[in-house]
Amino acid sequence: DEKSPYTGGHVRRVADLVVRLARKINEATSGPFADVALDADQMEELRMAAWLHDIGKITTPEHVVDKATRLETIVDRLELIRTRAEIIKQDYLIGRLRGRLAAAGMETGGDPAPAEDAFLRAVEEDLDLLDRINVGEARLDDALVSRLKAIGDRRGSTLGGGAFPLVTEDEMRNLRIARGTLTDEERAIVNQHALMTEKILQPLPFPKKFRNVPEYAASHHEKLDGSGYPHGKRGDALALQSRIIAVADVYEALTARDRPYKTMKTREESMELMERMAREGHLDENLVVLLKEAVASGDIP
């Protein structure tokens, strides 16, 4: 909670979902889980793993794990761009006024009207566009990429006669993120949390009956087709308990109200996405069906 309130809430909700799903499995009298029965120790082991599945995020920088916009670091750099834009606009106005004074040979002429000035309007339009693109859910098409390139060419003047960009190269690289708010480097940092969960938990002296907690906790981003992380496990190499945590983790992330980087999805939208993930070999299809039934019946909110 102290490092990332969202992650703290996420962990609590995932643990609750995991227990609810496990109970539904134990209650099954037909279908793929009819012969599956998790005893009390296995239920507790699973619950512990769910509580600890994101412990590796204590090593992830806060401004990365909770990065709400494309330009966010310690601060949202959109505000820095706004400041530079104001400097560029004022510099432009001063230059125009000096030109008018020189042409008139006198100290008069008045200020140009900013609302009527095409240059100033263009700068404001650039800021409006950056504000829209800064949101992680914004999709970049060819037209927007072209606009970004033009914005990247805009410059202001320093007192020493040099120039500064409205948007720096690093800021532009972040704005061009195709999906979400994370760069490839930041995504790799976030993905390290699963491996760190394993490294933190493996050396701990768990009782024999809970010896699988590190494996279950660290495998919640593995996928049945082997495309997950941290180890690219596939198929039968993924225990049922790991699959349960993976399904609960995805469902909670999709339906959470407090995610800083993405708006929540409805239960129906979430289930549609998860069914597609199951078809693509990312999630256990039987567990997704069980979850959908539990959501429809109200057993899982």
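The values are calculated or read from the model by the stated rules, or taken from the named source; none is laboratory data. Model, not experiment: these values are computed from the prediction. Glycine also receives a Cβ, built like all others from the backbone with ideal geometry; neighbour counts cover every protein chain displayed.
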Scan HIS221, HIS231 and give me the residue that is under 15 Å from VAL11 (Cα atoms) and assigned by TED's automatic domain parsing to the domain that holds ASP35. HIS221
Restricting to segment 12-30, and then to whatever is touching a Leu at 6+ places or on another chain (Cβ under 8 Å) and either within 13 Å of ASP249 (Cα to Cα) or of a type outside the set (Val, Ile, Thr) (or both), can you tell me which residue is surrounded by the most Cβ atoms within 10 Å (Cβ to Cβ)? VAL18
Residue under question is LEU195, and the condition is that it be at pLDDT below 95 and part of a helix (DSSP H, G or I); does it hold? no
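Yes/no per residue for (1) of a type in the set (Val, Ile, Thr); (2) under 25 Å from PRO214 (Cα atoms); (3) modelled with pLDDT under 95:
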{"residue": "ASP258", "(1), (2), (3)": "no, no, yes"}
{"residue": "THR263", "(1), (2), (3)": "yes, no, yes"}
{"residue": "GLY281", "(1), (2), (3)": "no, yes, no"}
{"residue": "LEU287", "(1), (2), (3)": "no, yes, no"}
{"residue": "GLY298", "(1), (2), (3)": "no, no, yes"}
Return yes when ILE25 is touching a residue at least 40 places away in the same chain (Cβ under 8 Å), of a type outside the set (Gly, Ala, Ser) and within 12 Å of GLN241 (Cα to Cα) and no when it is not. yes
Criterion violated by GLY226 - all others in (1) in contact (Cβ under 8 Å) with a residue 24 or more places away in the chain; (2) touching a strand residue (DSSP E or B) at 6+ places or on another chain (Cβ under 6 Å); (3) in the same structural domain as ALA40 (by TED's automatic domain parsing) satisfied: (1)
Within segment 118-144, how many residues turn out to be assigned to a helix (DSSP H, G or I), surrounded by 12 or more Cβ atoms within 10 Å (Cβ to Cβ) and of a type outside the set (Gly, Ala, Ser)? 13
For segment 153-182, give me each residue that is of a type in the set (Ser, Thr, Tyr), at pLDDT below 95 and surrounded by 15 or more Cβ atoms within 10 Å (Cβ to Cβ). SER157, THR181
Options LEU287, LEU254; residue that is in a helix (DSSP H, G or I), without any contact (Cβ under 8 Å) to a residue 40 or more places away in the chain and assigned by TED's automatic domain parsing to the domain that holds ALA194: LEU254
Subset tally (residues that are more than 14 Å from GLY281 (Cα to Cα) and loosely packed, with under 15 Cβ neighbours inside 10 Å) for segment 219-230: 0
Only one of these conditions is not met by GLY232: (1) under 19 Å from the mean Cα position of the chain (by Cα); (2) assigned to a loop (DSSP other than H, G, I, E, B). Which number is it? (1)
Go through the residues of segment 18-39 one by one and say whether even a single one is part of a helix (DSSP H, G or I) and within 17 Å of ALA218 (Cα to Cα). yes
Mind listing just one residue for me: the one in segment 65-78 that is more than 12 Å from GLY180 (Cα to Cα) and of a type in the set (A, V, I, L, M) and, of those, surrounded by the most Cβ atoms within 10 Å (Cβ to Cβ)? VAL65
Which numbered condition GLN42 fails, given (1) touching a residue at least 40 places away in the same chain (Cβ under 8 Å); (2) within 23 Å of VAL64 (Cβ to Cβ): (2)
Could you list, in sequence order, the residues of segment 1-35 that are among the charged types (D, E, K, R) and modelled with pLDDT under 95? ASP1, GLU2, LYS3
Could you go through segment 140-157 and let me know if any residue there is within 27 Å of the chain's Cα centre (by Cα) and of a type in the set (Lys, Arg). yes
